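The values are calculated or read from the model by the stated rules, or taken from the named source; none is laboratory data. In this text the structure is predicted, and so the values were computed from the model without any measurement. We place every Cβ from the backbone using ideal geometry, glycine too, and count neighbours over all the protein chains shown.
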Amino acid sequence: MASPRKRRSTRLDQPLDRSRSLRPSVDSERFGRLSEKAARGIGSWAFILWMTIAIIVWIGINLAIAEGAPDPFPFIFLTLLLSLQASYAAPLILLAQNRQADRDRVQFAEDRQRTERLLADSDYVARELAALRMALRDVATRDYVRGELRDFAADVREMLEVDEPTHRKGRGRRDGRHDAPAGPAAGSAPAEAGPPDAQ
């Protein structure tokens, strides 16, 4: 008995099965990393040096072997190899440049967003500082309180200097009244002499 055909899953937490395609599936991220590595290697001085050495050795071997050389004087095989290397190197370099351009675009967008956030934060801080300045206009500052206390102390000192002569005059009058000698009261009759002592 044939097994029943499996029904296609309709659950949302599971991806749908993709239909078969003739196009090869290529991981763009992985291929991009490989292209960057290849472009970085081709664009180095080491690659140029080793390629120059290889070309000189190849030409030297073919010139040394006059008859039966694998690649005689026109060096057609060497030209073919160099053409293949150039034809593959150019797209790899372009791919690496496009990948770097995409990274630069993303970095530029992030920098722009960061700059906009910084501008918004600076505007907010400026508005808050302006609000604090307006709120602190009616608040007594330390210098203002010191100035008021200094003026008040000067006023008190002036009042004390004005009242000091008055206090001195009153004190002198009281001291003169207490220091006067005690004599007979005004209007009192002199004391009568007593009888003489008997002799």
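Just to be sure before I move on: is Ala86 in contact (Cβ under 8 Å) with a residue 40 or more places away in the chain and either part of a loop (DSSP other than H, G, I, E, B) or hydrophobic (A, V, I, L, M, F, W, C) (or both) in the structure I sent? Break it down into steps so the answer makes sense when it comes.
Numbers: in contact (Cβ under 8 Å) with a residue 40 or more places away in the chain: no; either part of a loop (DSSP other than H, G, I, E, B) or hydrophobic (A, V, I, L, M, F, W, C) (or both): yes.
Judged against the criteria, Ala86 is not a match.
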For this session: Please specify each residue of region 78-94 satisfying the condition of being within 20 Å of Lys37 (Cα to Cα) and of a type in the set (S, T, N, Q).
Result: Gln85, Ser87
Seminar exercise, completed: Looking across region 139-168 at residues that are at pLDDT 80 or above and of a type in the set (Asp, Glu), the single one that is nearest to the chain's Cα centre (by Cα) is Asp143
For this session: Return the total of residues in region 22-39 being in a helix (DSSP H, G or I) and over 19 Å from Pro91 (Cα atoms).
Result: 0
Exercise. What residue, among those in region 64-86 that are farther than 18 Å from Phe47 by Cα and either acidic (Asp, Glu) or modelled with pLDDT of 90 or more (or both), is surrounded by the fewest Cβ atoms within 10 Å (Cβ to Cβ)?
Worked result: Glu67
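Of these, Arg114, Arg99, Arg105, which one is within 30 Å of Glu29 (Cβ to Cβ), surrounded by 10 or more Cβ atoms within 10 Å (Cβ to Cβ), of a type outside the set (Phe, Trp, Tyr) and within 18 Å of the chain's Cα centre (by Cα)?
Arg114
I'd like to check something: does region 68-75 contain any residue that is part of a helix (DSSP H, G or I), charged (D, E, K, R) and at negative phi?
Taking region 68-75 first, the residues part of a helix (DSSP H, G or I) are none.
No, that holds for no residue.
Quick one: is Gly176 part of a helix (DSSP H, G or I) and either small (Gly, Ala, Ser) or at pLDDT below 85 (or both)?
In short, yes.
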For this session: Evaluate the following for Arg99: is it basic (Lys, Arg) and free of Cβ contacts under 8 Å to residues at least 12 places away in the same chain?
Result: no
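Name every residue in region 40-63 that is in a helix (DSSP H, G or I) and surrounded by 12 or more Cβ atoms within 10 Å (Cβ to Cβ), in order of residue number. I'd like the intermediate steps shown before the answer.
So the first thing to find is which residues in region 40-63 are in a helix (DSSP H, G or I), and the list is 40-42, 45-63.
If the condition is that a residue be in a helix (DSSP H, G or I) and surrounded by 12 or more Cβ atoms within 10 Å (Cβ to Cβ), then Arg40, Gly41, Ile42, Phe47, Met51, Ala54, Ile55, Trp58, Ile59, Ile61, Asn62, Leu63 are the ones that fit.
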For this session: Please identify the pairs in which a residue from region 39-63 that is closer than 18 Å to Leu78 by Cα has its Cβ atom under 8 Å from the Cβ atom of a residue that is among the aromatic types (Phe, Trp, Tyr) and exposed (fewer than 11 other Cβ atoms within 10 Å of the Cβ), counting only partners at least 6 apart or on another chain.
Result: Asn62/Phe73; Leu63/Phe73
For this session: Would you check if Ala2 is modelled with pLDDT of 70 or more and small (Gly, Ala, Ser)?
Result: no
